[in-house]
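Structure first, then comments.
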Amino acid sequence: MKILILEDNAERIFQFKKRLIDCNVTFTDIPKEAIDLLKNNKYDYLMLDHDLGDTFDVPGEGTGYEVANWIANNPEHAPDKIFIHTANNIGAAAMLNVLGNVGIRATYIPFLWEKINIT
């Protein structure tokens, strides 16, 4: 299982690492780096946070929305499953909307481990 995770919170990263020990996981907290990784690799799963560092703008550069918007414009690079795990409801809605407008389904789970099903 190959997973790309856009996340900047150390505790969340720790939780991902603890639960995804048998998976090939790549972490980044930089949207442009996530986009480059998606351009050059095929991922089974993508997990997107919205708010990164001090950047909360919706829509905006430097957030998970930047990655979602890029995927919407480059659907051939979309992973099989996309989870949006941000606690920012407005940011999540914007990411779901931009993806949904081009027929890409994503699931919004505000970081509730028991609901994330990696199989």
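The values are calculated or read from the model by the stated rules, or taken from the named source; none is laboratory data. Please read these numbers as outputs of a predicted model, since none were measured by experiment. Glycine gets a Cβ as well: all are built from the backbone with ideal geometry, and neighbour counts include every protein chain shown.
Below are the figures for this structure:
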read-out: Selection count, the range 10-47, where residues are surrounded by 15 or more Cβ atoms within 10 Å (Cβ to Cβ), among the polar types (S, T, N, Q) and within 20 Å of Y108 (Cβ to Cβ); value: 0
read-out: Extreme residue, surrounded by the most Cβ atoms within 10 Å (Cβ to Cβ), among residues of the range 48-83 that are in a strand (DSSP E or B) and β-branched (V, I, T); value: I82
read-out: Condition broken by I21, with the remaining ones in (1) under 18 Å from K2 (Cα atoms); (2) aliphatic (A, V, I, L, M); (3) under 12 Å from the mean Cα position of the chain (by Cα) satisfied; value: (3)
read-out: Subset tally (residues that are more than 22 Å from A93 (Cβ to Cβ) and either modelled with pLDDT of 95 or more or not in a loop (DSSP other than H, G, I, E, B) (or both)) for the range 1-26; value: 14
read-out: Residue, nearest to H85 (Cα to Cα), within the range 27-47, restricted to residues that are assigned to a loop (DSSP other than H, G, I, E, B) and not aliphatic (A, V, I, L, M); value: D29
